[in-house]
Amino acid sequence: MLLDIRDLVKTYIRPDGRVDALAGVSLALDAGGFTAIVGPSGSGKTTLLLAAGALLAPDAGEVLIDGRDPYRLAPDARAALRAAEIGFVFQQFHLVPYLTVLENVIAPSLARPADDVRRRAAQMVARFGLADRAAHVPAELSTGERQRVALARALLNGPKLLLADEPTGNLDDANAAVVLDTLGQFAADGGGVLMVTHSPAVAQTADRTVHIEAGSTN
């Protein structure tokens, strides 16, 4: 099993009280699977995705990525696991504003150096139709181009798992289709995709939909 989430609990303590973001959530994703997590704002979707991606330690429960619990690893080893196993695609892209397109795509390799990384990054940039934009910074790109850079970056290291948080939220229909086609093809090629979305129409592109509300799934 590629991703195995068991009884996750995550609580935030805020000035206005306690928020149970995850209340014993369990979820499994096999290689080749494409699962959409659907729920209203504040339901725990993003918390679940961050915990699944070894970015946010749960208060209780277990996350296994390819059989390994990232939260039992030292920080450096956890970062190396993320770099090798996981690609992230976010609604806000999280591109580094002062880096070029090519440099943004290369960025994940800092945690996983390789001699051929620049060549592979250039190939990935070309794959998403951005070869003529490789020397541009994010401010010079359209919204759709920025998301394609984010996709190229997510795929650079050949991850087994893609985690996508509202990846089509800022896109028009044509660019949203590029993103969803890429996620679908990644799963068809044997990867696993976990996508958070508030859109039932976007969720229909996945093989399975899991609903979450008030930190619990059904």
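Every number here is computed from the coordinates shown, using simple stated rules; none is lab data. Please read all numbers here as calculations on a predicted model, not as lab measurements.
Where does the chain land at 222 nm, in deg cm²/dmol rounded to the nearest 500, when only DSSP H runs of n ≥ 4 count, each adding -39500 (n - 2.57), divided by all residues?
Taken over the chain, the calculation gives -9000 deg cm²/dmol.
The distance separating the Cα centre of segment 55-74 from that of segment 127-170 comes to 27 Å.
Shape of segment 1-74 from its Cα gyration tensor (a ≥ b ≥ c, root eigenvalues): rounded if a/c is under 1.5, otherwise prolate when a/b > b/c, or oblate? Oblate shape, in that a/c is at least 1.5 and b/c is the bigger or equal ratio.
Classify segment 63-135 from the C-alpha gyration tensor, please: rounded if a/c falls under 1.5, else prolate or oblate depending on whether a/b exceeds b/c. Note, shape of segment 63-135 comes out prolate.
The C-alpha atoms of the chain define a longest principal axis, and helix 117-127 lies at about 90 degrees to it.
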